[in-house]
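Here the structure comes first, spelled out in structure tokens, and everything after it is commentary.
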Amino acid sequence: MQATAFAHPNIALVKYWGKRDRDLNLPAAGSFSATLGPMRTRTTVRWGVPTDRLVLDGTERDAAATARVSRWLDLVRAHRPGLGGAEVVSDNDFPTAAGLASSASAFAALALASTRAAGLELPDDALSVLARRGSGSAARSLFGGFVEMRPGERADGTDAFAVRCQAAEHWQLQVIIALTARGAKKVSSTVGMNHTEATSPYFRAWVETVAPAIVAAREAVEARDFARLAAVAEASALQMHASAIGADPGVLYWRGATVDVIHAVRRLRDDEGIPAFFTIDAGPHVKVFTLPIHAATVRERIIAVDGVHDTLEATIGGDARIVEAE
Ligand code: PMV
């Protein structure tokens, strides 16, 4: 009745921003991501305790934080009645302020550990559907390498899951994360995307960019065409943020340093011919992709930007996996 799983965070190269069903957490469009390593979430689930308990990074969480996980655990209990409560102990080996969606690796590790501990062997797509109910980006973190999220068409969301396009070994890219602010973000991704959908005149136009961008990103990764992937990823990030900035009132995640890093990345590429591109999620930090041989130069230029107080480095990570089960 106990299992431990690892899952890595991921970064979308074609963004998810908007839901077609809020209750079932169904995305309005697909997305495409790169899984990151070596950072990871490690989660142990033990069933059969009197009530649900959540211990995150060594701290027992309050009722409100536990309630979100409890509601999600109900989905597993629906598969196998009589499981009782679950004790969930989860640790991230990367700082929460890193601007990496820790909910992605968290719900992917939780989906894997909790189903295995319950004695359920779900196929990959069903596991991805389950992770998606916790967090949209978590559906992608079950798989390593380069991953596509399919939006699906069914009302029940059983066809809205992620699939691996290429394993991590296909293309080792390096990611440098420029930290441009301290502290937690002010507008969560769910609040930001729902507000964009409700009030931005650019929301529909944004959604229409996604499907062709996914095709282009998938082909660029398959061909290891860095320049093409750079163009697609930067356009998708800027179009997502444009839709959010166009909301009423506008949702603006960027700081001054965010914009300065964008310019630094473009200078690296245009003036020095160094392959690099940026992407930005629902926060102020900038994730810069490059090839491993250029990582040191890229890092040097990024850390020199005023307002960048630190950088983190990542590579392309592998699949989520079970490490212990009994
Ligand atoms: O998985 P959520 O609900 O935290 O949403 C993630 C939203 C973005 O990080 C901005 C984009 C993405 O596709 O990961």
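The values are calculated or read from the model by the stated rules, or taken from the named source; none is laboratory data. Keep in mind that what you see is a predicted model, and the values were worked out from it rather than measured. Methodologically, a virtual Cβ is constructed for each residue, glycine included, from the backbone with ideal geometry; neighbour enumeration extends over all protein chains shown.
What are the residues in region 36-66 that are away from the ligand (no atom under 16 Å from the Cβ), at negative phi and among the small types (Gly, Ala, Ser), if any? Of everything in region 36-66, those that are away from the ligand (no atom under 16 Å from the Cβ), at negative phi and among the small types (Gly, Ala, Ser) turn out to be Gly37, Ala63, Ala64. Of all the listed residues (Leu83, Leu110), the sole one being modelled with pLDDT of 95 or more and more than 16 Å from the ligand (Cβ to nearest atom) is Leu83. Would region 70-81 turn up any residue that is touching a residue at least 40 places away in the same chain (Cβ under 8 Å), over 18 Å from Asp23 (Cβ atoms), more than 19 Å from the chain's Cα centre (by Cα) and surrounded by fewer than 23 Cβ atoms within 10 Å (Cβ to Cβ)? Yes, some residue in region 70-81 is touching a residue at least 40 places away in the same chain (Cβ under 8 Å), over 18 Å from Asp23 (Cβ atoms), more than 19 Å from the chain's Cα centre (by Cα) and surrounded by fewer than 23 Cβ atoms within 10 Å (Cβ to Cβ).
For Leu268, indicate whether it is surrounded by 21 or more Cβ atoms within 10 Å (Cβ to Cβ), farther than 22 Å from Ser188 by Cα and more than 19 Å from the chain's Cα centre (by Cα).
Numbers: surrounded by 21 or more Cβ atoms within 10 Å (Cβ to Cβ): yes; farther than 22 Å from Ser188 by Cα: yes; more than 19 Å from the chain's Cα centre (by Cα): yes.
In short, yes.
Looking only at helices (runs of 4 or more DSSP H) that lie completely in region 95-206, which have at least 2 residues being among the hydroxyl-bearing types (Ser, Thr, Tyr)? Please lay out each step first, then the result.
Working: elements: 102-117, 124-134, 189-199.
Where helices (runs of 4 or more DSSP H) fall fully within region 95-206 and carry at least 2 residues being among the hydroxyl-bearing types (Ser, Thr, Tyr), they are 102-117, 189-199.
Of the residues making up region 207-252, those that are among the basic types (Lys, Arg) and in a helix (DSSP H, G or I) number 2.
Within region 72-96, the set of residues being closer than 16 Å to Ile11 by Cα and either touching a Gly at 6+ places or on another chain (Cβ under 7 Å) or among the aromatic types (Phe, Trp, Tyr) (or both) comprises Phe94 only.
Only one of the numbered conditions (1) at pLDDT 95 or above; (2) within 16 Å of the ligand (Cβ to nearest atom); (3) crowded, with 16+ Cβ neighbours inside 10 Å is not met by Ala5, and that is (2). The residue that is farthest from Ala65 (Cα to Cα), counting only those in region 110-143 that are in contact with a Lys or Arg (Cβ under 7 Å, 6 or more places away or on another chain) and surrounded by 24 or more Cβ atoms within 10 Å (Cβ to Cβ), is Phe143.
A quick yes/no check of all residues on (1) of a type outside the set (S, T, N, Q); (2) under 15 Å from the mean Cα position of the chain (by Cα); (3) more than 16 Å from the ligand (Cβ to nearest atom); (4) modelled with pLDDT of 95 or more:
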| position | (1), (2), (3), (4) |
| --- | --- |
| Phe146 | yes, yes, no, yes |
| Pro151 | yes, no, no, yes |
| Asp159 | yes, no, yes, yes |
| Ala162 | yes, yes, no, yes |
| Ala168 | yes, no, yes, yes |
| Trp171 | yes, no, yes, yes |
| Gln174 | no, no, yes, yes |
| Ala184 | yes, no, no, no |
| Val187 | yes, no, no, no |
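Looking for whichever is of a type in the set (Ser, Thr, Tyr), within 16 Å of the ligand (Cβ to nearest atom) and in contact with a strand residue (DSSP E or B) (Cβ under 7 Å, 6 or more places away or on another chain) here; the options are Ser33, Ser103. Which one fits? Before you say what the answer is, go through the steps one by one.
Working: Ser103 fails: in contact with a strand residue (DSSP E or B) (Cβ under 7 Å, 6 or more places away or on another chain).
On inspection, the qualifying residue turns out to be Ser33.
For region 217-238, give me each residue that is under 14 Å from Ser31 (Cβ atoms) and surrounded by 21 or more Cβ atoms within 10 Å (Cβ to Cβ). The answer is Ala217, Val221, Val232, Ala233, Ser236, Ala237.
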